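The values are calculated or read from the model by the stated rules, or taken from the named source; none is laboratory data. Bear in mind that the values here come from a model prediction, so they are computed numbers and not experimental data. Cβ placement follows ideal geometry from the backbone for every residue including glycine, while neighbour counts extend to all protein chains displayed.
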Amino acid sequence: MAEQSSTLASKPSEAWFENTWWWKVKLRLQWTGWLQFIPNLAASVLMLLLAAIGVLIPVWPWVFVGLPSFLAAMLFLNLMFDIATVRFGLHPEEALPIPREDLDDLDLIRARVSCRSFQKRDLTAAHKTQILDLVQAVSRPENCVGTHPIRLEYLAAPLTVWPVVGGTEFLVAIAERTYHEDAVLDIGRSLQQVVLQATRMGLATCWIGPGADPSSIAQHLGPRFDPMRDHVICVCAIGYASRYKPLSLRLMQRSQRWRKPIADLFYADTNCTDPIDINAEPYAAFDRCLEGCQWSPSSYNSQTTRAVVNVEGAKLTRVDFCAATKSRYYAVVALGIWIANWEFGCRALGIDGHVVKVSVADEHRPELPRYVLSWIRDM
């Protein structure tokens with residue numbers, strides 16, 4: 001997901017570092033698709049330097065010279081393998097994925113992960129049709145929370161994106177140029193519904209915000225994008241996952257699987273100081289819904305959503321979703337994803353509800369986390 005300064009609307013040109021040589025080199029490597037390989041190269045060079053320094057140490061040469069030399073060689077060989085297989089596609093053709101029909105809806109939320117490397121093949125006609133039908137359904141006004149229109153434009157083009165490699169098909173989320181919080185929230189909520197159903201089909205997805213080059217998106221959208229009227233909020237790569245990916249992306253995926261504990265996300269009071277007891281009723285009955293929200297994706301894995309759970313007569317009746325930062329884009333899109341996961345989980349449990357903005361004028365609310373929207377249980 002992208003904050004306004006990272007979308008087509010504006011770029012951080014005022015930042016001092018944008019004019020530095022190292023920043024320009026970084027952007028050049030990023031937009032040409034080579035940045036993913038730099039960490040591996042840097043680690044290999046570092047090991048060689050340590051081995052060179054180790055020559056000056058007269059003891060334990062196998063530790064100070066042999067070990068770093070071995071690691072440098074392994075890292076370099078891995079780098080060459082990654083460049084050959086990922087950058088130039090020199091590997092056997094990979095099989096199409098198997099649909100995840102074996103998973104129930106709640107397990108599906110947990111199973112979905114961001115894909116960093118895609119196969120260099122187009123979606124099948126059947127998969128593309130299913131995705132486009134989903135896109136049309138979720139973005140209809142009657143299926144949205146707000147009144148301002150949103151669009152999810154399908155784009156088959158080699159967009160300049162980072163850190164994703166191999167992506168050639170994308171959904172571009174567009175709202176009106178004038179900021180409307182409900183439209184940004186609807187994009188997170190609607191696009192996440194597509195992402196979950198795509199996961200069921202066996203497809204891979206990856207939310208992309210500041211890692212997408214604005215000029216590349218504008219160029220490939222052509223007349224479908226009017227910079228005076230439209231605002232690109234984020235893009236989502238979609239396709240078939242590849243098992244070939246740079247070492248740096250493998251490590252990135254592992255690091256971003258970390259999540260805050262549920263006790264740091266769900267609270268029983270509006271000040272978000274009293275965490276719920278997930279082992280006690282009525283919270284325990286929603287434990288997998290809570291976990292589904294916990295594992296929701298967010299920009300840079302920042303996890304900016306909080307929820308206040310309301311209980312009446314020993315029954316969970318309402319959940320208020322709040323943004324933990326003042327961000328108008330990152331946090332609101334992430335909150336929309338949370339709501340989509342919560343609704344998805346509740347339907348799996350057979351619990352009906354609806355989302356609505358409730359009046360909080362008479363309720364004490366802190367500035368942060370900031371109230372945005374509620375899920376109300378149908379009685």
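Against the conditions (1) surrounded by 15 or more Cβ atoms within 10 Å (Cβ to Cβ); (2) without any contact (Cβ under 8 Å) to a residue 40 or more places away in the chain; (3) of a type in the set (D, E, K, R), where does GLU291 fall short? Just the number, please. If we test GLU291 against (1) surrounded by 15 or more Cβ atoms within 10 Å (Cβ to Cβ); (2) without any contact (Cβ under 8 Å) to a residue 40 or more places away in the chain; (3) of a type in the set (D, E, K, R), just (2) comes out false. Take the conditions (1) among the small types (Gly, Ala, Ser); (2) within 28 Å of the chain's Cα centre (by Cα); (3) surrounded by 18 or more Cβ atoms within 10 Å (Cβ to Cβ); ALA111 misses just one of them, which is (3).
Scanning segment 121-153 for residues that are closer than 25 Å to GLN253 by Cα and either surrounded by fewer than 17 Cβ atoms within 10 Å (Cβ to Cβ) or without any contact (Cβ under 8 Å) to a residue 24 or more places away in the chain (or both) yields ARG121, ASP122. Determine, yes or no, whether ILE174 is buried (at least 24 other Cβ atoms within 10 Å of the Cβ) and either assigned to a helix (DSSP H, G or I) or of a type outside the set (Val, Ile, Thr) (or both). Criteria not met by ILE174. Taken together, the criteria exclude ARG365 from residues that are at pLDDT 95 or above and either in contact with a strand residue (DSSP E or B) (Cβ under 8 Å, 6 or more places away or on another chain) or under 18 Å from VAL113 (Cα atoms) (or both). Within segment 177-190, residues that are under 13 Å from CYS234 (Cβ atoms) and in a helix (DSSP H, G or I) reach partners that are basic (Lys, Arg) and at pLDDT below 95 with beta carbons closer than 8 Å, at six or more positions or on different chains, in the pairs VAL184/ARG328. Is there a residue in segment 311-321 that is crowded, with 22+ Cβ neighbours inside 10 Å and either part of a loop (DSSP other than H, G, I, E, B) or hydrophobic (A, V, I, L, M, F, W, C) (or both)? Taking every residue of segment 311-321 in turn, at least one turns out to be crowded, with 22+ Cβ neighbours inside 10 Å and either part of a loop (DSSP other than H, G, I, E, B) or hydrophobic (A, V, I, L, M, F, W, C) (or both).
In segment 269-279, is there at least one residue being part of a strand (DSSP E or B) and modelled with pLDDT of 95 or more? Yes, some residue in segment 269-279 is part of a strand (DSSP E or B) and modelled with pLDDT of 95 or more. Considering segment 136-161, and only residues there that are of a type in the set (Val, Ile, Thr) and outside any helix (DSSP H, G or I), the residue that is farthest from GLY222 (Cα to Cα) turns out to be VAL145.
Of SER216, SER242, all but one fail to be buried (at least 19 other Cβ atoms within 10 Å of the Cβ) and touching a residue at least 12 places away in the same chain (Cβ under 8 Å); the exception is SER242. Checking the structure you have, find out if any residue of segment 51-74 is of a type in the set (Ser, Thr, Tyr) and at pLDDT below 95. Within segment 51-74, not a single residue is of a type in the set (Ser, Thr, Tyr) and at pLDDT below 95.
Among the residues of segment 213-253, the ones that are in a strand (DSSP E or B) and under 29 Å from ARG200 (Cα atoms) come to 9 in all. Among residues of segment 41-70 that are free of Cβ contacts under 8 Å to residues at least 24 places away in the same chain, those with a Cβ under 7 angstrom from a residue that is of a type in the set (Phe, Trp, Tyr), sequence gap 6+ or separate chain, pair up as GLY54/PHE64; ILE57/PHE64.
Residue by residue, here is whether (1) assigned to a loop (DSSP other than H, G, I, E, B); (2) surrounded by 16 or more Cβ atoms within 10 Å (Cβ to Cβ); (3) under 19 Å from the mean Cα position of the chain (by Cα); (4) in contact (Cβ under 8 Å) with a residue 40 or more places away in the chain holds:
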position: VAL309; (1), (2), (3), (4): no, yes, no, yes
position: LEU335; (1), (2), (3), (4): no, yes, yes, yes
position: ALA340; (1), (2), (3), (4): no, yes, yes, yes
position: ARG347; (1), (2), (3), (4): no, no, no, yes
position: SER374; (1), (2), (3), (4): no, yes, no, yes
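For SER6, the conditions (1) out of contact with any Asp or Glu (no Cβ under 6 Å at 6 or more places or on another chain); (2) modelled with pLDDT of 55 or more all hold with the exception of (2).
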